[in-house]
1. Run down the aspartates and glutamates and flag those whose C-alpha is under 15 Å from the C-alpha of residue 167, throwing out any fewer than 8 positions away in its chain.
2. What FRET efficiency, computed as 1/(1 + (r/R0)^6) with R0 = 25 Å and r the Cβ-Cβ distance, is obtained for residue 136 and residue 198, rounded to the nearest 0.05?
3. Under unit Cβ charges (Lys, Arg +1; Asp, Glu -1), what dipole magnitude, rounded to 20 debye, does the chain have relative to its Cα centre?
4. For the stretch 57-187, with only Lys/Arg (+1) and Asp/Glu (-1) charged at the beta-carbon, what is the dipole magnitude about the Cα centre, in debye rounded to 20?
5. How fast does the stretch 85-146 diffuse by Stokes-Einstein, in µm²/s, taking the Kirkwood radius from C-alpha pairs at 37 °C and 0.692 mPa s?
6. Mean residue ellipticity at 222 nm from the helices of the chain, using -39,500 (n - 2.57) per DSSP H segment of n ≥ 4 over the full residue count, to the nearest 500 deg cm²/dmol?
7. Quick one: Cα centre-to-centre distance for the stretch 34-62 and the stretch 133-155, in angstrom?
8. Taking amide H positions as placed in the peptide plane 1.01 Å from N, state which residues far from residue 162 in sequence (5 or more) or on other chains have amide H under 5 Å from it.
Amino acid sequence: MTSSNSPAQRLRLIDALRGLALALMVAFHFCFDLAYLGLAGFDFYNDAFWLHARTFILSSFLLLVGVGLVLANRAKFVFRRYFKRLAMITAAALLVSLSTWLMFGERMVFFGVLHCIAAASVIGLLFIRAGWLNLLFGMALIGVALNYQSGWFDVPGRRWIGLMTHKPLTEDYVPLLPWFGVVLIGMAFGPALQKLAARVQQEMDVRPINLLAFAGRHSLVIYLVHQPLLLGLLNLYVKYIR
């Protein structure tokens, strides 16, 4: 969820788009927490609105992961910068698994969005210079995932791949298929979005955009702290105010 570009190279439009996706995610999780604590009757597991909202927000994040991956590494691969980012995301993914195991038990997150981003950041290096072919590759992977399932992938050690015949018992499941396809589509559009962002860089220098861009530059930190903060505040409300 973090960008690998140095501060001098930051593009407000791309950071702001990431910040907007982050804001939508926080709002989504706030509503989820309301339902989890019995403060609202939202059905996140069956209601089409919430299912489509999750798909839209997740797609936005992973498209931008693809954009960031190709922009950060296409011209020059900086080994130290890349592995520092990968280590941070991997550590954060493990932290999510541990915390959700403590909170939800068997419904722990074993391959959620951060796990998917970490895996996509490694596999995506093979596609850095594929250009617009990534659009075709991405669409093909999504098509396969939507039309093919097999019991072979239902085994716990293979569930991270996708193509399962049923959704596993977990609070967040973002398997490599179809979601790596979304990352590849983002990689295909990365250079074009970079050119657009560079053209409108000065026009983006307004307070609302800058606030979103600030959030987008710190998306991993916000992702990790927002749920404990939301749940803490809501639990205080339930215990002392409600």
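1. Residue 167 reaches 106, 154.
2. Given R0 = 25 Å and the Cβ-Cβ separation, E is 0.45.
3. About 900 debye.
4. In debye, rounded to 20, the stretch 57-187 gives about 620.
5. In µm²/s, the coefficient rounds to 246.
6. -22000 deg cm²/dmol
7. For the stretch 34-62 versus the stretch 133-155, the Cα centre distance is 23 Å.
8. Long-range HN contacts for residue 162: 176, 177.
All of the numbers you see were taken from the coordinates with simple rules; none came from a lab. Keep in mind that what you see is a predicted model, and the values were worked out from it rather than measured. Neighbour counts are summed over all protein chains in view; Cβ atoms, including those assigned to glycine, are modelled from backbone coordinates with ideal geometry.
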